[in-house]
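Read through the structure below, which is laid out as structure tokens, and then see the notes.
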Amino acid sequence: MDEAVFMTEKSSNRQLQIKLVSLRKAAPLLFGCVLMLNPGLRTPNFRSASPAGSANVNDMDSSVKPGDDFYRYANGGWMARNAIPAGQQRYDTRAILAASTRERVRNLIQDAATEHAAKGSVTQKVGDYYASYMDVGVIDSKGMAPLSDEQVKIAAIDNKTALSAYLGSTLNREVDGLITNADHVFGLWVNQGFEDADHNLPHLWQGGLGLPSRDNYLDTSAAGVELRSKYQAHIAAVLKLAGFADAETRAASVLSLETRMAAAFAPDSDAADVFKQNNSWKRRDFEAKAPGMDWDAYFQSAGLAKQADFVVWQPSAFTGVSALVASEGIDAWKDYLRFHLVEQYANALPEVVRAEYFAFNGVALTGASQPPERSEVAINATNGALGLAVGQLYAQRYFPPEAKAKAEAMVRDLVAAYRVRIPNLTWMSPQTKEKALAKLSALEVGVGYPDTWIDYSTLDIVRGDALGNMRRAEGFYHQRDLAKLNQPVQPIEWPLNVQVPGGVIMFSPNAEYFSAGILQPPYFDWQGDTAANYGSAGAGMAHEITHSFDELGNIYDARGRLGKWWTDEDSAQFHQQAEKLATQLSTYCPQRDLCVNGKQVLGESVNDLAGLLVAHDAYVLSLRGKTDVVIGGMSGEQRFFLAYAQRWREIQTDAALRKKITSDSHLPGEYRSDAVRNVDAWYKAFNVQPGDRLYIKPEDRVRVW
Ligand SMILES: [Zn+2]
């Protein structure tokens, strides 16, 4: 579950790239596990799939007997031919997709920049946003002037009401269900209520810390103390660059203020428990529960003056920060705002500011030695601000309506397979099955790209105004968010960019999304082999869909409302059956002295098996009674399982493998591939017999789903 990294590209003005580390742990109970993400690989090493789809014969090692080592039978050729890219720990399917997508997105955006398309078109906006970011000459020549109006506003703050109003003006969308700490005081996410599926509500988040985690402020170790001292020096440097005298003293008071804010913040670990975040506050509760802030002024300038109901995710932070508005001197708050203003827009400010930003956020926080290329920063910024505009260009070039139709047909087959499988589950009670089926019927699955694109016509993007573009984009999304408060919950806006290779489960509302970026070879080939597509992407999507019905999804109902629908008996029965799989997995020992901890990977492995079974059912359904064709000497059944095993190919360092075994909730790829051992059809497809190394007696095969 690497949601945090994946989600960065979404937030409109986040200075990603070197701020990845600052993204807090995910809130997995609102969004589930995310399929793929961009691991930051830079070496493409990409070959397109064979005409047979993902089941690439050259990638196999036919000297290995499938029943002895299916993973090497499927991947031996590929593993021998490829090497881990320099500086990386691992090379795998997600890296292949990430490299391919990165190349495509770079070309699209750079083409848009040279095209000089008609003013107002999506291409113009994307191209000019990027070109403005690339034009460091213009950026440098403007100096700090683009922020002067904002600095004047901060300077004019002379009482708590004015301070509250200013803080309210910074409230914007920079959070979603995946992030536990916003950049500003505070963060806003507009989504349906935890118990109210009929209305969109403002979900408010703790936020405003400059260091990645609240724990960074409270950590008393030598490393913690050193990091804070570097941070304080960074604050001082930024304030000096912004023209403020006595920057060291100001920096000390900013750090002191943030440290007291952090003390009131909910710990990151709370993010794992969504029930802790389900706090309904009426408008008047803010004065009663969080005195100090002038909340009228705050909500007025935030555009929420008329809002009666809120969801406050971390009440302690609201109480604590609001008290600090009352107790802390105005000057400390003003310096705090001055620093964060520059920090937020650093990448669209002169070189001295960019360098200082990288020295802390890149070198000190992430250990980076080289700043990213400017084009990379500019591409990320463009994806961040105009994500679904870039996505529109991406779909036009790489994911035609036929591809979407193919993927949608596969989803329909997957859903049909669940509809048959759920009534046959032996661990789920009849009443619970009814609820599961209702949830399945209500599940919305988006593939490729949204049916309706964001209308960017009111967002003006001007070539040569990098910082102005950023700010207008922020305002654009904020106005959209406010408008959503008066709109029905459906349709849901896509929570991920089309061009990001990934998928998102959203339990609330009840929906899942799989981007065009992930639906590409070798994972999915709309012009390729159906059997391979179902074995690869189909099984992956079914893994994710299963999360809507497993121990993550069982606390959200068909409409995405919080409320457990499994009974205790369902839970007990499920665990009893899953136990058998944990025992099986614990026999895997990828390193001489290190075996898999079956319990640690159980939840994800149950879903791997479920995904494989459901995808196989769906593949059979897709034949509509016809016999499958033989391609390259292989039957459809064989190509299905082969593609499944090929999806899990990876080469990695021993250290990376070791880390995965000890800390990841997913198995190493080889053992994810070995889920086939529990599937009867695999035995038939490859004539696997007793005596073969992977053989399991029929009565010992695990069948949780
Ligand atoms: Zn998962």
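Structure notes:
- Computed from the C-beta positions of Ala245 and Val138, the FRET efficiency with R₀ = 22 Å rounds to 0.15.
- For segment 68-161, a simple Cβ point-charge model (Lys and Arg +1, Asp and Glu -1, everything else neutral) yields a dipole of about 200 debye relative to the Cα centre.
- Charged side chains reduced to their Cβ positions (Lys and Arg at +1, Asp and Glu at -1) give the chain a dipole of some 740 debye around its Cα centre.
- Between segment 293-328 and segment 497-543, the alpha-carbon centres lie 40 Å apart.
- Net length gained if the chain between Arg693 and Lys564 were fully extended (0.36 nm per residue, minus Cα distance): 42.3 nm
- Packing here is the average count of other Cβ atoms within 10 Å per residue, and on that basis the peptides 249-258, 379-388, 435-444, highest first, run 379-388, 249-258, 435-444.
- Computed lengthening from Asp664 to Ala572, 0.36 nm per intervening residue step minus Cα-Cα distance: 30.7 nm
- Taken about its Cα centre, segment 488-639 carries a charge dipole of about 180 debye when Lys and Arg each add +1 at the Cβ and Asp and Glu each add -1 at the Cβ.
- The chain, relative contact order in percent, only Cα pairs under 8 angstrom and at least six apart counted: 22
- Cα extents for the chain along the principal axes, largest to smallest and rounded to whole angstrom: 81, 55, 52.
- The length gained on full extension between Glu408 and Glu579, counted as 0.36 nm times the residue separation minus their Cα-Cα distance, comes to 58.1 nm.
- Per-peptide average of other Cβ atoms within 10 Å, ordering 271-284, 191-204 highest first: 191-204, 271-284
- Legend: residue pairs Lys160/Lys240; Lys484/Lys564; Lys65/Lys659; Lys599/Lys697; Lys65/Lys435; Lys65/Lys626, Cα-Cα distance threshold 32 Å; pairs beyond threshold, Lys65/Lys435.
- Secondary structure note: in segment 439-581, about 50% of the DSSP beta bridges are antiparallel.
- Residue-normalised accessible area of segment 473-524, given per residue in Å² at a 1.4 Å probe: 23
- Between Cys595 and Asp219, the modelled labels are 3.5 nm apart [label points 7 Å from Cα along Cα→Cβ].
- Rounded accessible area per residue of segment 235-392, 1.4 Å, Å²: 35
- Values of log10 I(q)/I(0), in the order q = 0.12, 0.16, 0.20 Å⁻¹, for segment 93-212 under a Debye, Cα-only, solvent-free model: -0.83, -1.14, -1.09
- Portion, in percent, of the accessible area of the chain that falls on carbon or sulfur, probe 1.4 Å: 53
- Antiparallel DSSP beta bridges within the chain, as percent of all bridges there, nearest 5: 70
- For the pair segment 384-455 / segment 642-691, the C-alpha centres are spaced 26 Å from each other.
The values are calculated or read from the model by the stated rules, or taken from the named source; none is laboratory data. Since the structure is predicted, the reported quantities are computational estimates derived from the model, not experimental observations. Backbone-built Cβ (ideal geometry, glycine too); neighbour counts: all protein chains shown. The accessibility values were calculated without ligands, DNA or RNA, using every heavy atom of the protein model including side chains. Shrake-Rupley method; radii C 1.70, N 1.55, O 1.52, S 1.80 Å.
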